[in-house]
1. Using beta carbons and a limit of 8 Å, which pairs, at least six apart or on different chains, have the first residue in the stretch 107-119 and closer than 14 Å to Gly176 by Cα and of a type in the set (Gly, Ala, Ser) and the second one open to solvent by less than 10 Å² (accessible area, probe 1.4 Å) and in a loop (DSSP other than H, G, I, E, B)?
2. Kindly indicate whether Lys245 is closer than 24 Å to Cys8 by Cα and touching a Phe, Trp or Tyr at 6+ places or on another chain (Cβ under 7 Å).
3. Filter the stretch 398-410 for residues that are at pLDDT below 80 and within 15 Å of Leu441 (Cα to Cα); which is least open to solvent (accessible area, probe 1.4 Å)?
4. I'd like to check something: does the stretch 61-70 contain any residue that is open to solvent by 10 Å² or more (accessible area, probe 1.4 Å) and in a strand (DSSP E or B)?
5. Given the conditions (1) within 23 Å of Thr132 (Cβ to Cβ); (2) in a strand (DSSP E or B), report the number of the one that Gly196 does not fulfil.
6. Which pairs turn up if I take residues in the stretch 415-428 that are outside any strand (DSSP E or B) and look for partners that are among the polar types (S, T, N, Q) and surrounded by fewer than 14 Cβ atoms within 10 Å (Cβ to Cβ) with beta carbon separation below 8 Å, at least 6 apart in sequence or on another chain?
7. Say whether the condition of being over 27 Å from Asp274 (Cα atoms), open to solvent by less than 60 Å² (accessible area, probe 1.4 Å), in contact (Cβ under 8 Å) with a residue 24 or more places away in the chain and in a strand (DSSP E or B) is met by at least one residue in the stretch 240-248.
8. What pairs can you find where one residue is in the stretch 206-221 and within 19 Å of Gln257 (Cβ to Cβ) and open to solvent by 40 Å² or more (accessible area, probe 1.4 Å), the other is part of a loop (DSSP other than H, G, I, E, B) and of a type outside the set (Asp, Glu), and their Cβ atoms are less than 6 Å apart, with a gap of 6+ or different chains?
Amino acid sequence: LGCYGVLCIQETFDNGYVFTGTNSINGGEVLVTKLDSIGTIEWVKTFDGPGAEGGTYIEQLPDSGYIVNALYDGGLYSKSWLLRLDVNGDSLWAKVFSAGIGATNVYFGNSLAVLNNSIYGLTGSFRPFPLTTLSPYFIGVLSNSILVANKVYNYSVYNSEPRAINKANNGFIMAGGMQTSSSTYDVYLIRINAYGDTLWTRTYDKSTTDAAFAVQQTEDSGFIIAGVTYDTTLLPFKYNTYLIKTDSIGDTLWTKQHYSLEPTETYSIQQTTDNGFVGTGRIVNGNPLNSDVHLFKTDSLGDIEWTRQFGDSSADDGYFVRQTKDGGYIICGTANIPSTLQVGAYIIKTDSLGMVGNGTGIAEVNNPFDFSVYPNPSYGNFTFQFKGIPKKDAELKIYNIMNQCVYTGRLSSYKKESVDLHHLPNGIYIATLNYGAEAILKKLIIQQ
């Protein structure tokens, strides 16, 4: 089983998790995977079409089944693919929807919203054929798969790309980026009713390039928007996380630009139980091909309370985050290794402070108890260097991307250990060091 990464993950009623993304087999398939509460795979389902397919959003429904939105046939005539699954991931029905004759593009992990368990609202960008500019679309589908709305919104003579949709009272809210000239973009917001009729629109202009990737209605009936703004105030110019809080009609209450020494982009946002916000995306480490998953928590005014980074020397991106019932967070994304052209699912479970303990994540970079691995990538012979590990019974386990244990060993030394994995195939592996109630995880790459 190959993987291009994961765009959406949700906690399930049984305290487990379900995610969707793209499986690299057959040029791209929709991947749906169910995990238990500690990240062990319970089942995997794939759905194949005529071309390049991939899942972008999943949500569990009251009957314990799932609704999945996906890209169908990623070519000149790509479409949206809505999949209704039962509790075991088996298909109940599947329908393909298009905004018209052309390409119906589906983006990221915010492409579907469920309103009152009765209407599924889909969005993305539509490019008519022959190819012209991109425009936002809305497709409304009843829970029995009947199409009730199909609208394209022409707000600009240039490209307009909606990147997110969410439910909002008795309708939907959409957000994205609108091109206002040959070289400038603004954030835009579209408020529609349940059938796609426009109630109002807003644009937000901070710099030459602004775009939204996520939106949610907040407890005060306003909206939180997350994305990027291009910072031209400090050299070198770079992208920063950009948050916009509005009232119920889209008027700005506050904005926050989260400055960083390195470019940051935010792809997912959610209001937390303390009325703050949690977001995830990517932070670049000096090289566009070298990024980490970026997780941050703010207070109710958008001011940073803490940030975390997860990853190693490859390109790791976070695409979706949700607060879990235990007050922690579940994050999904991609782990990208350019040297091997492999991309894998990246699932991280944290506590309420964004720290990783037991689970499927990779250790937070500033963990005082840690270990390093070298060489990495390796032909299969790895040396583990330990730091701050108590001298007690510690166990090292190594898992493949299917969460199958391929190595188990007790530490003979608490400073350095050599492990021979040359018999395993090329790919991504997760090394887990367990001692007592603690666990530290690292990514390994076998490249022979």
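The values are calculated or read from the model by the stated rules, or taken from the named source; none is laboratory data. Since we're looking at a predicted model, the values are computed, not measured. All Cβ positions, even for glycine, are placed from backbone atoms using ideal geometry, and neighbour counts span all protein chains on display. All accessible areas refer to the heavy atoms of the entire protein, side chains included, with ligands and DNA or RNA removed. Shrake-Rupley method; radii C 1.70, N 1.55, O 1.52, S 1.80 Å.
1. Between residues of the stretch 107-119 that are closer than 14 Å to Gly176 by Cα and of a type in the set (Gly, Ala, Ser) and residues that are open to solvent by less than 10 Å² (accessible area, probe 1.4 Å) and in a loop (DSSP other than H, G, I, E, B), there is no close pair.
2. yes
3. Result: Asn403.
4. So far as the stretch 61-70 goes, no, none of its residues is open to solvent by 10 Å² or more (accessible area, probe 1.4 Å) and in a strand (DSSP E or B).
5. All conditions are met except number (2).
6. Cβ pairs passing all conditions: Lys415/Gln385; Leu421/Asn381; His422/Asn381; His422/Gln448; Asn426/Gln448.
7. For the stretch 240-248, residues over 27 Å from Asp274 (Cα atoms), open to solvent by less than 60 Å² (accessible area, probe 1.4 Å), in contact (Cβ under 8 Å) with a residue 24 or more places away in the chain and in a strand (DSSP E or B): absent.
8. Thr208/Thr184
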